[in-house]
Amino acid sequence: AKECEVLIACRVSPSQKAKIVRMVHHSIVPKPCTLAIGDGANDVAMITEGSVGIGISGHEGRNAVNASDFSISQFRFLQRLLFVHGRSDYARVSKVICLILYANLMFTFVIFGYNFLNGFSGGYIFHWFWYSLWNVFVFFPGLAIGILDVEYPEETLLKVQNMFLYATGQQNQRLNLVSFLWTVTESILGAFLSLTFCSILAMKTAMGYYVFVCMLYCSLIIFFLVRVVVKASSYNWYLAAGCILDLILVCIAVPVVLIFETGNSILFDPVAMAKIWPYFIWLVGFLSLGYTLLNFAYFHDEMCEYIEKQEHSIFAGNSKKAKDNKQHFMPNDLT
């Protein structure tokens, strides 16, 4: 029975429908993600038993819709819900989770690393204003990635009939232990480089504590924005607007905080800034280039494999090889 690809059951009770879904979910190894779809009250038990429940609103009332995770008005919309929105949302949510984890871990590791510079005195490295603003700076680029990032056009996802496009979600390749450890490693590296080079910059220019903190904070923002640009699959005006808005907010916040803390801002002193800004420009350029090369080096093998598979198999969904490998999985009647 486990070798069956399709099971047709007729005249079954609501509880029997739920038992069929439960049997598939718990009896197959590896454990699959089950989807239950129905349009009536007799499908509620089955919908609630599935990993994902979809209700169809129609003449039989809204009982199935009220018990479901997603609702569609017609069965033909299931194809677009699964192959377009399902895949794209998984990719976007995975990227946003990794971005938020990276940003907050990097910020935390900088605070931890500063203890080695102040002799574990317990002093705060950032003003409370910076703590409050950090998630504001993270919010706008993350929002653009989470809502508008597109890996493949909708037409490609609907026409291409190849399992490779959906293997990342089925095999949980985006959110797993490896991706978590790599994100933690990136955040530690980013915090270490920012803190190290800003400390060197502070010693060479004698800029003072408050300017050192502002420069360190700006380098963290640059690190985060570079990671957003590297991880994004598509570039649009919304992503550019989020990154530019971050930079504008930083440019406004830095002199405000300096004036609030010291009574004046060194940013308005042309003699002092002439000594600091060349070092800071080299710092930002070095950190951005190094981090970008690090990401491209890490994903080089993955991208080469992806391009090779794309050229040889993705757009061969109707080929004999795809049929022999049972990759022609999209029903033709779902139009």
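The values are calculated or read from the model by the stated rules, or taken from the named source; none is laboratory data. Model, not experiment: these values are computed from the prediction. Glycine also receives a Cβ, built like all others from the backbone with ideal geometry; neighbour counts cover every protein chain displayed. Surface accessibility is based on the protein's heavy atoms, side chains included, excluding ligands, DNA and RNA. Shrake-Rupley method; radii C 1.70, N 1.55, O 1.52, S 1.80 Å.
I'm checking my understanding of the structure. Among residues of the range 220-261 that are of a type in the set (Val, Ile, Thr), open to solvent by 40 Å² or more (accessible area, probe 1.4 Å) and over 16 Å from the mean Cα position of the chain (by Cα), which one is nearest to Ile147 (Cα to Cα)?
Here is the first cut: in the range 220-261, the ones of a type in the set (Val, Ile, Thr) are 221-222, 226, 228-230, 244, 248, 250, 252, 254, 256-257, 259.
With the extra rule that they be open to solvent by 40 Å² or more (accessible area, probe 1.4 Å), the set shrinks to 229, 244, 248, 252, 256, 259.
Okay, now just the ones that are also over 16 Å from the mean Cα position of the chain (by Cα), so 244, 248, 252, 256, 259.
Working: Ile244: 18, Ile248: 22, Ile252: 27, Val256: 32, Ile259: 37 Å.
Ranking the qualifying residues of the range 220-261, first place goes to Ile244.
Of the residues making up the range 81-97, not a single one is hydrophobic (A, V, I, L, M, F, W, C), outside any helix (DSSP H, G or I) and either under 29 Å from Pro153 (Cβ atoms) or more than 31 Å from the chain's Cα centre (by Cα) (or both).
For the range 48-61, check the following and say yes or no: at least one residue is assigned to a helix (DSSP H, G or I), open to solvent by less than 30 Å² (accessible area, probe 1.4 Å) and out of contact with any Ser or Thr (no Cβ under 8 Å at 6 or more places or on another chain).
There is no residue in the range 48-61 that is assigned to a helix (DSSP H, G or I), open to solvent by less than 30 Å² (accessible area, probe 1.4 Å) and out of contact with any Ser or Thr (no Cβ under 8 Å at 6 or more places or on another chain).
A single entry from Thr185, Thr168 fulfils the requirement of being of a type in the set (Val, Ile, Thr), in contact with a Phe, Trp or Tyr (Cβ under 8 Å, 6 or more places away or on another chain) and surrounded by fewer than 19 Cβ atoms within 10 Å (Cβ to Cβ): Thr168. Assessment of the range 92-113 against the conditions (among the small types (Gly, Ala, Ser) and farther than 30 Å from Ser199 by Cα) yields at least one matching residue. Taken over the range 141-169, the criterion of being among the polar types (S, T, N, Q) and either modelled with pLDDT of 80 or more or more than 17 Å from the chain's Cα centre (by Cα) (or both) is satisfied by Thr156, Gln161, Asn162. Test Phe116 against the stated conditions and say whether it is under 30 Å from Tyr217 (Cβ atoms) and not in a helix (DSSP H, G or I). Yes: the conditions hold for Phe116.
Restricting attention to the range 119-143, the residues that are of a type outside the set (S, T, N, Q) and part of a helix (DSSP H, G or I) add up to 14.
Restricting attention to the range 168-176, does a residue exist that is assigned to a helix (DSSP H, G or I) and in contact with a Leu (Cβ under 8 Å, 6 or more places away or on another chain)? No; the residues of the range 168-176 include none that is assigned to a helix (DSSP H, G or I) and in contact with a Leu (Cβ under 8 Å, 6 or more places away or on another chain). Keeping to the range 62-71, report how many residues are touching a helix residue (DSSP H, G or I) at 6+ places or on another chain (Cβ under 6 Å) and either closer than 10 Å to Val44 by Cα or open to solvent by less than 40 Å² (accessible area, probe 1.4 Å) (or both). Residues that pass the stated criteria total 4.
For the range 56-80, enumerate the residues that are in contact (Cβ under 8 Å) with a residue 12 or more places away in the chain and over 28 Å from the mean Cα position of the chain (by Cα). Don't jump to the end; show me each part of the working.
To start, the set of residues in the range 56-80 that are in contact (Cβ under 8 Å) with a residue 12 or more places away in the chain comprises 56-58, 60-61, 63-64, 67-76, 78-80.
Residues satisfying the conditions are Ile56, Ser57, Gly58, Glu60, Gly61, Asn63, Ala64, Ala67, Ser73, Gln74, Phe75, Arg76.
Exactly one residue out of Ser13, Ser27 is at pLDDT 90 or above and either over 31 Å from the mean Cα position of the chain (by Cα) or closer than 22 Å to Phe75 by Cα (or both), and it is Ser13.
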